[in-house]
Amino acid sequence: MISMKASFLSLKYSCAVGLLIALTACEPKVNQDTPSHTESVATSSSDLVGCYTVSHEEPAQIKINQVEDGFNMQMREPEGSPDVWDKPEPLTVIDVDKGWDYFKVNALDLNKNDVDAMIGRSDGMMVLAKVKDAAKNINPRLDSSYVMYIVQGSNTVYKVACD
């Protein structure tokens, strides 16, 4: 039978080895084929595809689709309608520096360095932003990785399963 002290020492060494492996895995790698800014925006924007709601207890209210010419969004139709989702509206990828105006004044204490990617309607009525994990982890006002601006206001939204 292993003593309590030996068991604790074994656990301590296991944790140290695990931490060392994790830190080594996070070490920055030199990449010879660095993608251009547009490639990285397009990749990050694809993370925004999915369904969103303002509360975990509600079904998805907005659906973001990736289509061959970019992205589109659909809103949930009222209950009893023949279709679940309305007609798709086109969305465009928005450069964070240009789209930041939508989120400048907000109660979430965000800054543009906290945002990975943005897509939105061309009329500016809706903009969806993907928040960096680091910002979400240190900002107590963010309980989601996504923030949505809808007609002069912004709030966190939750990515949920689509119907």
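Assorted remarks:
- Given LYS63/LYS104; LYS98/LYS132; LYS87/LYS136; LYS63/LYS98; LYS132/LYS159; LYS98/LYS159, the pairs whose alpha carbons are separated by over 22 Å: LYS63/LYS104; LYS87/LYS136; LYS63/LYS98; LYS98/LYS159
- Taking the 1.4 Å solvent-accessible surface of segment 84-154 as the whole, the part contributed by carbon and sulfur is 49%.
- Cβ-Cβ FRET estimate between LEU108 and GLU58, R0 fixed at 22 Å, reported to 0.05: 0.65
- Close amide-amide hydrogen proximity is noted between TYR146 and VAL131, VAL157, each under 5 Å apart and 5 or more residues distant or on a separate chain (H modeled in the peptide plane; Pro and chain starts excluded).
- Segment 76-138 - charge dipole about Cα centre, Lys and Arg +1 at Cβ, Asp and Glu -1, debye rounded to 20: 220 debye
- Karplus 3J(HN,Hα) series, Hz, for segment 126-140 with 6.51 cos²θ - 1.76 cosθ + 1.60 (x for Gly, Pro): 8, 9, 10, 10, 9, 8, 4, 4, 4, 5, 5, 5, 9, 9, x
- Residues in segment 52-88 that a label on SER46 would reach, taking backbone N under 19 Å of a point 7 Å out along Cα→Cβ: 64-73
The values are calculated or read from the model by the stated rules, or taken from the named source; none is laboratory data. Predicted, not measured: the structure shown is a model, and the values here were computed from it. Here the Cβ is made from the backbone with ideal geometry for all residues, glycine too, and neighbour counts use every protein chain on show. Heads up: the accessible areas ignore ligands, DNA and RNA and are worked out on the full protein's heavy atoms, side chains in. Shrake-Rupley method; radii C 1.70, N 1.55, O 1.52, S 1.80 Å.
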